[in-house]
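Worksheet: the structure to be examined is printed underneath.
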């Protein structure tokens, strides 16, 4: 499905549609007509999600996170939520280990919308898998109910947005999955308009995915030993990576790496 920019919003308002959907398409068009024009704020985005979108796609709570994808991790840069309390938001890690989130790891292999309900994750292709203990604990701890999830990733920048809708109806699985695949590109384009995404700091784009993982973990205050444990490598290897990072960026100490990330 193509991403929908400002011109895309106009074409959708006029009736263009690039996906198969057998639900109330007129409700979707009504939601599209309510998309704010001109400069969009995060408040505009949330108002659309909580109003016109919810009328088309019922849910209890919403969470969206923009971040960068590396080989082993997702690095969150900004987020937006509706209905979630401070405990839930505080529990979202700034650096997410992909291996700890089986549904996200599975999504990366299939790139289709997912609904996680009663210990089973089903995607829009009809395939199923089991979630990890972390994901099951999230649903139980925060009473999320059926959780519909999708991700849109820019393959060039390796940056993208995760969307999670909790409390979606669990008796219309195919409808929910098809609707989410319809919704996700629009949400992606709208959210990007609310926050101009900063360009990568000079030099950081030259780092490998593993080097960027180390830099991000260092920015969280982790020691070499803690970083080694997190990535499953030795402390000596961590040191070697940092020396390579220093040489590549023309700097001499960790605090300078962290400063570049801010």
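Restricting to segment 222-262, and then to whatever is in contact with a helix residue (DSSP H, G or I) (Cβ under 9 Å, 6 or more places away or on another chain) and assigned to a loop (DSSP other than H, G, I, E, B), can you tell me which residue is nearest to residue 93 (Cα to Cα)?
Top of the filtered list is 222.
Out of all the residues in segment 130-141, is one or more surrounded by fewer than 18 Cβ atoms within 10 Å (Cβ to Cβ) and under 23 Å from residue 77 (Cα atoms)?
Yes, there is a match, as at least one residue in segment 130-141 is surrounded by fewer than 18 Cβ atoms within 10 Å (Cβ to Cβ) and under 23 Å from residue 77 (Cα atoms).
Residue 54 versus (1) crowded, with 16+ Cβ neighbours inside 10 Å; (2) modelled with pLDDT under 90; (3) closer than 15 Å to residue 167 by Cβ: which is the lone unmet condition?
For residue 54, the exception is condition (2).
Restrict the check to segment 152-159 and report whether at least one residue is modelled with pLDDT under 95, in the same structural domain as residue 92 (by TED's automatic domain parsing) and buried (at least 22 other Cβ atoms within 10 Å of the Cβ).
Restricting attention to segment 152-159, the residues satisfying the condition of being modelled with pLDDT under 95 are 152-159.
With in the same structural domain as residue 92 (by TED's automatic domain parsing) added as a condition, the list becomes 152-159.
Cutting the leftovers down to buried (at least 22 other Cβ atoms within 10 Å of the Cβ) gives us none.
No, segment 152-159 contains no residue that is modelled with pLDDT under 95, in the same structural domain as residue 92 (by TED's automatic domain parsing) and buried (at least 22 other Cβ atoms within 10 Å of the Cβ).
Given 218, 178, 184, which one is within 20 Å of the chain's Cα centre (by Cα) and either at pLDDT below 90 or surrounded by 19 or more Cβ atoms within 10 Å (Cβ to Cβ) (or both)? Please lay out each step first, then the result.
Values: 218 fails: within 20 Å of the chain's Cα centre (by Cα); 178 fails: either at pLDDT below 90 or surrounded by 19 or more Cβ atoms within 10 Å (Cβ to Cβ) (or both).
Residue meeting the stated conditions: 184.
Hey, which of the strands (runs of 3 or more DSSP E) in segment 67-134, taking only ones fully inside, have at least 1 residues that are more than 30 Å from residue 261 (Cα to Cα) and in contact with a strand residue (DSSP E or B) (Cβ under 6 Å, 6 or more places away or on another chain)? Walk me through it before giving the result.
Numbers: elements: 73-82, 95-97, 114-117, 120-123.
Where strands (runs of 3 or more DSSP E) fall fully within segment 67-134 and carry at least 1 residues being more than 30 Å from residue 261 (Cα to Cα) and in contact with a strand residue (DSSP E or B) (Cβ under 6 Å, 6 or more places away or on another chain), they are 114-117, 120-123.
So for segment 28-39 (the condition being surrounded by 19 or more Cβ atoms within 10 Å (Cβ to Cβ), out of contact with any strand residue (DSSP E or B) (no Cβ under 9 Å at 6 or more places or on another chain) and either closer than 30 Å to residue 215 by Cα or modelled with pLDDT under 90 (or both)), does at least one residue qualify?
In the first step, residues of segment 28-39 are kept if they are surrounded by 19 or more Cβ atoms within 10 Å (Cβ to Cβ); the result is 28, 31-32, 35.
So of that shortlist, the ones also out of contact with any strand residue (DSSP E or B) (no Cβ under 9 Å at 6 or more places or on another chain) come out as 28, 31-32, 35.
This time we only want the ones that are either closer than 30 Å to residue 215 by Cα or modelled with pLDDT under 90 (or both), so: none.
No, because not a single residue in segment 28-39 is surrounded by 19 or more Cβ atoms within 10 Å (Cβ to Cβ), out of contact with any strand residue (DSSP E or B) (no Cβ under 9 Å at 6 or more places or on another chain) and either closer than 30 Å to residue 215 by Cα or modelled with pLDDT under 90 (or both).
The values are calculated or read from the model by the stated rules, or taken from the named source; none is laboratory data. All values derive from a computational prediction rather than experimental measurement. FYI the Cβ positions are ideal-geometry reconstructions off the backbone, even for glycines, and counts take in every protein chain you see.
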